[in-house]
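*Asks:* Starting off with a structure, shown below.
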Amino acid sequence: MPVISYREALNSTLRSEMQRDEDVFLIGEEIGTFEGSYKITEGLLEEFGPKRVRDTPISEEGFTGIAIGAAMLGLRPVLEYMTLNFSLLALDQVVNHAAKIYTMFGGQTAVPMVIRAPGGGGQQLAATHSQNLEVWYAHVPGLKLVAPSNPADAKGLLTAAIRDDDPVIVLENLSLYNTKGEVPDGDHVTEIGTATVARQGSDITVISYSRGIRTALQVAEELEEDGVSVEVVDLRSLRPLDRRTFCESVRRTTRAVVHEDDWLSYGIGAEVAASVQEGAFDFLDAPVRRVAAAEVPLPYAKPLERAALPDTDDLRRVIRDVLDATSFTGQEKS
């Protein structure tokens, strides 16, 4: 399999889906001539023309409404927000229209649209441009929400999203765009609503998604040298949530830590922790622990931003706490 970047995986997927289906078109700010804020739409205006790569004015609510209307008429728009934070300006369109039209119209019309948006912190973009708003959309019935952590899933989940008849939001963490990995050739679809075991282990389960998976895998590799076997579950899909996969993992390891870049309170981690309590309580040797960002607007200053976001030290410390609380007796070297 070829090794390409997360950015290249998204770009090639858009191209292949536009070649496959003439109803697929792109809409957003500066996605044409400028080729997108992060060059995800590079070369697509030249190949498909302005009818299928539509630059819009700075009006999130307006072009979101246009995309919803186009989807209701049978097209498959792929909408790009410059940043997930700007989606707040179109919240009424997304939450009150895209998410509800299918149900409110008794299934007579669907909204097969995709919303792509970069988000997350760690890039010194300050408080209003560094947020993790996934839980806002994961809370809404009628929306699907995916957060790929690697190039292969970026291709597989975006393909599935474009072919889905429901509105799907694809969250792309900014820090992942330049990361590379193997991506299957040809048609590759990752089913929405399925988590995966990114790393097998036997002593403790770390459940995470998006950028957090890279942190979890790094910590798991480091702890292996100390005789700790960490299983890492990548949620991939935040709505619907694959509770079965992470509960089965916790039943095997009997310990669980949930890791996310979002704020701690009321987040994805809280939902996962509650699901583990409901689905694997009798197997737990210790309470489920959570690792998340400090509950402050993310600072611009680099040292403060780093301090606010959870890192490998934070995750490693919590894993150690859980193991110590259960008198873990693995083959530690130190």
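*Asks:* It is to be established whether one or more residues within segment 135-154 are of a type in the set (Lys, Arg), open to solvent by less than 10 Å² (accessible area, probe 1.4 Å) and within 13 Å of the chain's Cα centre (by Cα).
*Replies:* no
*Asks:* What are the residues in segment 212-241 that are in contact (Cβ under 8 Å) with a residue 24 or more places away in the chain, open to solvent by less than 10 Å² (accessible area, probe 1.4 Å) and over 22 Å from GLY279 (Cα atoms), if any?
*Replies:* GLY212, ILE213, ALA216, VAL219, LEU223, VAL228
*Asks:* Does LEU75 satisfy being in contact (Cβ under 8 Å) with a residue 24 or more places away in the chain, open to solvent by 30 Å² or more (accessible area, probe 1.4 Å) and under 19 Å from THR13 (Cα atoms)?
*Replies:* yes
*Asks:* Within the group ALA292, ALA301, which residue is surrounded by fewer than 19 Cβ atoms within 10 Å (Cβ to Cβ) and either modelled with pLDDT under 95 or among the small types (Gly, Ala, Ser) (or both)?
*Replies:* Just a single option satisfies the conditions, and that option is ALA301.
*Asks:* Residue by residue through segment 113-134, note down the ones that are in contact with a Phe, Trp or Tyr (Cβ under 7 Å, 6 or more places away or on another chain), open to solvent by less than 40 Å² (accessible area, probe 1.4 Å) and over 12 Å from VAL170 (Cβ atoms).
*Replies:* Within segment 113-134, just ALA126 meets the criteria.
*Asks:* Okay, next question. Under 7 Å between Cβ atoms, at least 6 apart or on separate chains: pull out the pairs that start in segment 182-207 with a residue that is over 13 Å from THR159 (Cα atoms) and end on any residue that is crowded, with 16+ Cβ neighbours inside 10 Å and at pLDDT below 95.
*Replies:* Correct list of pairs: ASP203/PHE328.
*Asks:* Something else: Given the criteria within 21 Å of the chain's Cα centre (by Cα) and either under 19 Å from HIS139 (Cα atoms) or crowded, with 18+ Cβ neighbours inside 10 Å (or both), does ALA98 qualify?
*Replies:* Answer is yes for this residue.
*Asks:* Name the residue, out of ARG244, ARG316, that is at pLDDT 95 or above, open to solvent by 90 Å² or more (accessible area, probe 1.4 Å) and not in a loop (DSSP other than H, G, I, E, B).
*Replies:* ARG244
*Asks:* Right, another one. Mind listing just one residue for me: the one in segment 39-62 that is farther than 19 Å from SER16 by Cβ and under 23 Å from the mean Cα position of the chain (by Cα) and, of those, least open to solvent (accessible area, probe 1.4 Å)?
*Replies:* The selected residue is GLU60.
*Asks:* Can I ask one more? Please indicate, with yes or no, whether at least one residue in segment 282-289 is assigned to a helix (DSSP H, G or I), in contact with a Lys or Arg (Cβ under 9 Å, 6 or more places away or on another chain) and not small (Gly, Ala, Ser).
*Replies:* The answer is yes; a qualifying residue exists.
*Asks:* Identify, by number, the condition in (1) touching a Gly at 6+ places or on another chain (Cβ under 9 Å); (2) buried (at least 16 other Cβ atoms within 10 Å of the Cβ); (3) polar (S, T, N, Q) that SER12 doesn't meet.
*Replies:* Going through (1) touching a Gly at 6+ places or on another chain (Cβ under 9 Å); (2) buried (at least 16 other Cβ atoms within 10 Å of the Cβ); (3) polar (S, T, N, Q) one by one, SER12 breaks only (1).
*Asks:* Considering THR196, THR159, which residue is touching a helix residue (DSSP H, G or I) at 6+ places or on another chain (Cβ under 9 Å), farther than 25 Å from LYS39 by Cα and of a type outside the set (D, E, K, R)?
*Replies:* Exactly one residue qualifies, and that residue is THR196.
The values are calculated or read from the model by the stated rules, or taken from the named source; none is laboratory data. None of the values given here were measured: they were computed from a predicted structure. Methodologically, a virtual Cβ is constructed for each residue, glycine included, from the backbone with ideal geometry; neighbour enumeration extends over all protein chains shown. Heavy atoms of the whole protein, side chains included, go into the accessibility calculation; ligands, DNA and RNA do not. Shrake-Rupley method; radii C 1.70, N 1.55, O 1.52, S 1.80 Å.
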